[in-house]
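Below is one structure; the comments refer to it alone.
The values are calculated or read from the model by the stated rules, or taken from the named source; none is laboratory data. Because the structure is predicted, anything quoted here is derived from the model rather than measured. Here the Cβ positions follow ideal geometry from the backbone for every residue, glycine too, while neighbour counts run over all protein chains shown. These accessible areas exclude ligands, DNA and RNA; they are computed on the full protein's heavy atoms, side chains included. Shrake-Rupley method; radii C 1.70, N 1.55, O 1.52, S 1.80 Å.
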Amino acid sequence: GVKPTARAEALWPVVQQALHALRSEFAPEHYDPLTQDHTFLLAMADATSAVLLPPLLRELGRSRARATVRVIPLATRDPSDTLERAQADMAVGHFPDLVMRLERAQRAGEHLPLRAECLYRSEYVCVMRREHPLAQQPLTLEAYCAAEHLLVSFSGRGQGLVDDALAAMGRSRRLALTVNQFFTAGQVVAQTDLLTVLPRSFLPVTGVAEGLAVRDLPVPLAPLQVHLLWHRRHDRDPAHLWMREQVAVQARATMPT
């Protein structure tokens with residue numbers, strides 16, 4: 001029957017961060033993945049998981065590491081709150097606005113609570129079924145805007161990066177369907193006349209790549225950069241350092257920068 005006051009609720013994130021910092025100071029200076037059990041929480045979208053997890057788990061199995069990996073859904077392009085509240089140890093994905101803020105703060109000499117490391121680069125491409133009428137001709141901006149589209153939105157937001165770019169050009173497109181997984185998008189477009197946008201790096205693991213036609217987007221988008229994010233309280237944590245290295249090594253071996 002005891003509930004925290006509004007003041008206690010407001011103070012909890014600060015207290016939690018202080019507790020984590022104190023815990024890290026007294027944490028063991030060494031982590032042995034062969035003898036110590038440890039569970040790591042990674043926030044990732046399904047496209048990133050499909051590319052990264054197979055080689056990562058193969059390596060953990062090969063080395064007989066006693067690490068357990070738990071993946072939680074990534075429902076936002078800004079996982080700051082998730083990492084701040086220790087709901088995940090690290091996040092892997094495309095976070096353009098957040099990474100830009102972190103880089104700007106670093107140049108200004110500010111110390112923000114998050115760290116970022118670029119793992120690999122890819123690009124977004126337009127995907128449709130091979131028998132789609134637009135697959136038989138060059139994909140123009142006019143044809144693209146006239147088609148019906150499927151949007152992948154982690155948060156359920158009804159507008160994506162392509163829509164923002166089109167709006168800046170004074171154009172728009174019709175979204176017939178919005179889903180929250182890239183895998184679902186690949187399955188749907190392989191069986192309908194909808195167009196979608198997928199990371200090129202994800203295409204080989206869709207399971208339906210042979211049934212898809214891939215075209216360059218007639219809309220200018222910045223390159224897709226996949227970053228590893230973590231909270232600075234984990235900077236010196238031996239287990240966290242070890243897992244960050246495993247993720248980075250496998251990501252770069254699979255998708256060279």
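Among the residues of the range 74-97, just one is under 14 Å from Leu53 (Cβ atoms) and either surrounded by fewer than 20 Cβ atoms within 10 Å (Cβ to Cβ) or not aliphatic (A, V, I, L, M) (or both), namely Gly93.
Do we find a residue being modelled with pLDDT of 95 or more, in a strand (DSSP E or B) and either touching a Leu at 6+ places or on another chain (Cβ under 9 Å) or crowded, with 20+ Cβ neighbours inside 10 Å (or both) anywhere in the range 200-212? Within the range 200-212, one or more residues are modelled with pLDDT of 95 or more, in a strand (DSSP E or B) and either touching a Leu at 6+ places or on another chain (Cβ under 9 Å) or crowded, with 20+ Cβ neighbours inside 10 Å (or both). Between Arg121, Arg129, the distinction of being in contact (Cβ under 8 Å) with a residue 12 or more places away in the chain, of a type in the set (Lys, Arg) and open to solvent by less than 80 Å² (accessible area, probe 1.4 Å) belongs to Arg129 only. Residues in the range 1-18 that are of a type in the set (Val, Ile, Thr) and at pLDDT below 75 were compared, and the one that is farthest from Val71 (Cα to Cα) is Val2.
The set of residues from the range 19-48 being under 16 Å from Leu74 (Cβ atoms), modelled with pLDDT of 95 or more and open to solvent by 20 Å² or more (accessible area, probe 1.4 Å) comprises just one member, Leu41. Keeping to the range 221-240, report how many residues are assigned to a helix (DSSP H, G or I) and either touching a Phe, Trp or Tyr at 6+ places or on another chain (Cβ under 8 Å) or at positive phi (or both). Residues that pass the stated criteria total 3.
The residues of the range 133-183 that are charged (D, E, K, R) and either at pLDDT below 95 or not in a loop (DSSP other than H, G, I, E, B) (or both), listed by number, are Glu142, Glu148, Arg157, Asp163, Asp164, Arg174.
When you check Leu112 against the structure, is it in contact with a strand residue (DSSP E or B) (Cβ under 7 Å, 6 or more places away or on another chain) and not aromatic (Phe, Trp, Tyr), yes or no? In short, no.
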